[in-house]
Structures are given as structure tokens and as C-alpha cells.
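Enquirer: Have a look at the structure that comes next, please.
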Amino acid sequence: MASVTLHIQSPPLNNDVVSLPRNHFPIVTFKTTFFGSSLTANGKPLSLPKTFRTQPVITSSSSSSSSSSTHTFDVVIIGAGIIWLTIARQFLIGSDLSVAVVDKDVPCSGATGAGQGYLWMVHQEPESDTWDLTMRSYKLWQMFAEKVRAQGLDPLQELGWKRTGSLLVGRTAKEAATLKKKVKRLSEAGLRAKYLTSDALRLKEPELEVGKDGGAAFLPDDCQLDAQRAVAFIQKANRHFSIKGRYAEFFHDPVTGLLRSDSSSEVEGVRTFKNTLYSKKAVIVAAGCWSGSLAHDLFRESDILLNVPVKPRKGHLVVLENFSSFRLDHGLMEMGYVDHLHDALDRKSSHSVKVEEGQTPSVSMTATMDTMGNLVLGSSRQFTGYSTKVDESIINHIWKRAGEFFPKLKELPLEDFTLDRKVRIGLRPYMPDGKPVIGPVPGLMNVIIATGHEGGGLSMVISVSLFSTEEKWLGVFPFLFFFSPSKNKFRLLSLTILF
């Protein structure tokens, strides 16, 4: 289990806070905080304070307004991707806390809205750092869909939810052997998984061609959803709490600074372009690939120089609307997707590349058919800064790569789809070691940083309340942040935070 590493120059540390004069330039670098609560500074353990708030209080606040005004909430969340709208949902239905979501844009305007919407385990690896989180989220998403159905609603219509099953395909004997081993590991981890030969695969997907030596790992229970619909569904549910003064949205309203207490220097809230939002409990910085630069700007005048080395990793998807040349019944992904995902992570890999802007992009075949009958093809990965400009060379590369798996596409010039083609571009929040950055800012325990999920934010979100006799899921934080009614406290694995 990974932990955070702090690099602090000349730090006078104690058990509760990291606080230095500005001229000492303390540097806190989050290298990895995935599931981590054990912090170290200069190689020595750093103990975090076990309490920082009194018991929860119900807070009433006015709803959002376009005019400049002041509001007070228990929790202020910076960022409106699906993970953090879901966090707001869980606070609202699982506690008495009030929540504000603030974003410089609108929900689904970032990586969430640009993604392919798959909730697949076929490309995951048991025993990896992200396995437990992804597996838990995978099960809870399915519970969520069943909950929607139990309410008399159709998950397909409300969430774009489909149990399509997924296929991880290979085209060589070597890849086939690897897939057989993968199926064995996934089965041992508790998933329904099956290896399909080339002939068996053709029965599943007649238009797919992998050659006589190829095959696929097949997970029949894997699903996909429409991120836009899912976000709209969650947002609608959240808005019911605005009547009670417990929920508000502040979109198109960039955060410009933190509000610090004169007496304790603790963060009391955030200042936006239009509003002042006070927070009684916590401020969560979850702005995707912008989290690093935002954190740097927010803490510019503080005692801590915070460095979160998250980078934007650009991706293209091609959407062919009302595609009728053939249909797909499953979600598909080539084995190269897994390699490309880790290209910039594994420096010993034959695919090793440097993480630098302008590097050669990687393209691997992914293919899904959404609920509207649109064919969605991907995907690319490249570092080009924060640019979201369409790169036609990437589009052509995606089309050519898809044609290697679907021969019929070679007969269809991409130019024929000019009027029916859309391109989605998103910026994945990438961390150099491939693990999300999750945890409280040392010395400011009511400020939490959470980013770096790369392309896995949707599949790592925990989206439903899970009730048991001892504990109730509350935060849906990717680091398993939950509430224990019997003890009236929030808990982050071994790190305990009393409100």
C-alpha cells in the first residue's frame, strides 16, 4: 500500500502541523498518496492530528446566486466531475452536512464528459494498487443501477446503463497466452471470466478480426454507462437538498483564493470570482488535471509550497452518430491499451517514453456502441499541455487502427462521416507513478487534495450508500472515506478525523 512522501527543507516538525515562515520555502511534494495515510518527512514518520473539528452541525445556506454574495457550508468541493458530484450526493443522503460544489465550468465539461463510459474490469490487474478500489466501485455501481431499477426507473434511460460485457482482444499467439493467464487471475479474484478462441470470438462479434492465433478475455458482467446522463441523474438528486439549504452549485465561477483564519491560519473557505464560500468542515480540491496548478496558486501566500505533479494527458475519441454499417454487442479493447496506459509509467518497458509535451502520441483500439446507436472509437494518449484542439492526424490514426480490427471500416472512408462525426477531447489527470494523489494537506487537515485518476475516475468512483450495522458509506472518496454512526466520526483507513 503506497504512502505519501514529503520533501521539506529544514522543517521544524511536530505531531500536528507543518508550518514554516515563507522564507524557509517548505516544499510538500505528493509523490503517491493512494490509499495512504502514513506520511513521512525526510524519511521519518509524520503523525497527523487525530482531531480537528467538533461534532457535525446542520448548516442552512442560501442557494447559489449569480451576484456576489457570502454563503456558509460544511463542505466545499472544488471541481464538478462525476467523482465529486457523487461525493456531494453521499454527504447529502448519509449525513446532515451541507455541501457546495464550485467549478470554473459545468459538470461533465472535463475528462468525465469526454470519456467512453465503460465500467470494465477486463483490463484491470488483481493485486495492483488500484484493484481494491476499482473492484469495490465496480460492485457498487451495479448496486446503484439496481437501486434505480427498484425505484421503478430504467437504468438504461436514466444512466445509459448497459451490461454489455467486455472483450480484451489480442492478435498474436503471445498475446493469446497472456490473455489466458489473465483470465485465470481474474477468475481467482472472483470475477466471471472466460477465454475465447478466435472462432468463439467471431461468434460474439462477427465483424471483429483478430486472426487465427488471436483470442480474447471475456467478462460478461462488465458494463458501460453514459456519463452525461449519470451526472445529470446525480445532479438532479443533489438539487432536491437545495430546498433545505444543504446544497448549492456555483458553476462558471472560478476559485481565486483561500480564506485563512487570522488566529490559526486554518483554511475557512474559498473565494471565487463571484462569491465567498465559507466551509465549517472541509475544503476538497478535486479539479482533475488542474488540481496541481490550482493548489499551487491557492497556497502561494501560505507557509506551505504545495507541489502536486499532476499533468494533463490528452485523449481523443471519435463518435460516429447513427452508425449502421455494423453493430457491436460488447465493449472492446485491444491489449495494447494496457501497455499504452503505462507507457510513461514503466521506465523499464520497451514502450518507455519520456513525459514531456509534444511527445509521440499512443493510439490503441477501443470500441463501444452507446445507447443511441453511435459507434465510439478510441483512444489516444499524449502530453500537449492544456490544449483541447482537435488533431486530425490523431483522428486518422484512430480510424486506421480501428480498421485493423474491423476490416469493414477500411471500406468506409472517414471523409464519408464528416457530417455525422463528433470528436471528444478530454484531459486525463495523470500522475507520474500512475497512482491517484489523495490526502489532506499536511498542516491543514481540513483541506483535502484528490486527483490523478488518469482515465479511471469513472471506474473508481463509489457511487452509492452502503449501509451496515457498524458503518455507513458517506464520502465516496476514492480513498475509502466513510462515516461510522456508532462512533460519530469520519475515518480514512487508519487515519481518523473527528468532526
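The values are calculated or read from the model by the stated rules, or taken from the named source; none is laboratory data. Here the structure is a predicted model, which means the values were calculated and not measured. Using ideal geometry, Cβ is built from the backbone for each residue, glycine included, and neighbour counts are taken over all protein chains shown. Areas reflect the complete protein model, heavy atoms only, side chains present, ligands, DNA and RNA absent. Shrake-Rupley method; radii C 1.70, N 1.55, O 1.52, S 1.80 Å.
Enquirer: How do Met365, Met135, Met143 rank by accessible surface area computed with a 1.4 Å probe, from largest to smallest?
Expert: Met143, Met135, Met365
Enquirer: Express the C-alpha Rg of segment 158-220 as a ratio against the empirical globular expectation 2.2 N^0.38 Å, rounded to two decimals.
Expert: So the Cα radius of gyration is 1.16 times the expected 2.2 N^0.38 Å.
Enquirer: Around Pro126, what is the net charge, scoring Lys/Arg as +1 and Asp/Glu as -1 over all other residues with Cβ under 11 Å from its Cβ?
Expert: Neighbour charge sum, excluding Pro126 itself: -1.
Enquirer: List the aspartates and glutamates whose alpha-carbon lies under 15 Å from that of Lys422, not counting same-chain residues fewer than 8 positions away?
Expert: Glu321, Asp370, Asp391, Glu392
Enquirer: Determine the sum of side-chain charges near Glu404: Lys and Arg each +1, Asp and Glu each -1, restricted to other residues whose C-beta is under 14 angstrom from that of Glu404.
Expert: Charge balance in the 14 Å sphere: 0.
Enquirer: State the extension gain, in nm to one decimal, for the chain segment bounded by Phe251 and Arg185, taking 0.36 nm per residue of separation less the distance between their alpha-carbons.
Expert: This chain segment gains 19.4 nm when fully extended.
Enquirer: Same structure again: As an exercise, use a Förster radius of 30 Å and the Cβ-Cβ distance of Arg239 and Thr70 to find the FRET efficiency, rounded to the nearest 0.05.
Expert: E between Arg239 and Thr70, to the nearest 0.05, is 0.90.
Enquirer: Still on this structure, please answer the following. Could you run the Karplus curve 6.51 cos²θ - 1.76 cosθ + 1.60 with θ = phi - 60° over segment 295-305 and give me ³J(HN,Hα) per residue in whole Hz, x for Gly and Pro?
Expert: Listing the rounded values in order: 4, 4, 5, 5, 9, 4, 9, 8, 7, 10, 8 Hz.
Enquirer: Cut-off under 12 Å on the C-alpha distance; same-chain residues fewer than 8 positions from Lys311 excluded. Which aspartates and glutamates are left, in chain and number order?
Expert: Counting by Cα, and skipping residues close in sequence, Lys311 has these aspartates and glutamates nearby: Glu356, Glu357, Asp433, Glu454.
Enquirer: To continue, here is another question. Return the subset of Lys162/Lys408; Lys139/Lys181; Lys174/Lys212; Lys314/Lys410; Lys180/Lys410 for which the Cα-Cα distance in this structure is over 19 Å, preserving the input order.
Expert: From Lys162/Lys408; Lys139/Lys181; Lys174/Lys212; Lys314/Lys410; Lys180/Lys410, over 19 Å: Lys162/Lys408; Lys139/Lys181; Lys314/Lys410; Lys180/Lys410.
Enquirer: Residues of segment 290-308 with backbone nitrogen within less than 20 Å of a virtual label 7 Å along the Cα-to-Cβ line of Asp262, please, listed as ranges.
Expert: Hits in segment 290-308 for Asp262 at 20 Å: 301-303.
Enquirer: Now a separate question. How do the peptides 407-413, 220-226 rank, highest first, by the average count of neighbouring beta carbon atoms within 10 Å per residue?
Expert: Output ranking for 407-413, 220-226: 220-226, 407-413.
Enquirer: Taking the alpha-carbon distance from Lys104 and a cut-off under 17 Å, which aspartates and glutamates remain once sequence neighbours fewer than 8 residues away in the same chain are dropped?
Expert: Partners found: Glu249, Asp253, Asp297.
Enquirer: Counting only C-alpha contacts under 8 Å and six or more residues apart, can you give the relative contact order of segment 163-282 as a whole percent?
Expert: So the answer I get is 22 percent.
Enquirer: In addition: Taking N as the number of residues in segment 193-259, what is its alpha-carbon radius of gyration divided by 2.2 N^0.38 Å?
Expert: Normalised Cα radius of gyration, segment 193-259: 2.12.
Enquirer: Could you compute the net charge surrounding His330? Neighbours are other residues with a C-beta less than 11 Å from the C-beta of His330; K and R count +1, D and E count -1.
Expert: +1
Enquirer: Below 8 Å, C-alpha to C-alpha, sequence gap of six or more: please give me the relative contact order for segment 402-451 in percent.
Expert: Rounded, it is 20 percent for segment 402-451.
Enquirer: Then there's this: How would Lys236, Lys274, Lys280, Lys180 rank on accessible area, largest to smallest, probe 1.4 Å?
Expert: Lys236, Lys180, Lys280, Lys274
Enquirer: Also, I was wondering about something else. Roughly how many whole Å is it from the C-alpha centroid of segment 207-251 to that of segment 391-436?
Expert: 21 Å
Enquirer: At 7 Å along Cα-to-Cβ for each site, give me the label-to-label distance between Leu203 and Gln157 in nm.
Expert: So the two model labels end up 3.5 nm from each other.
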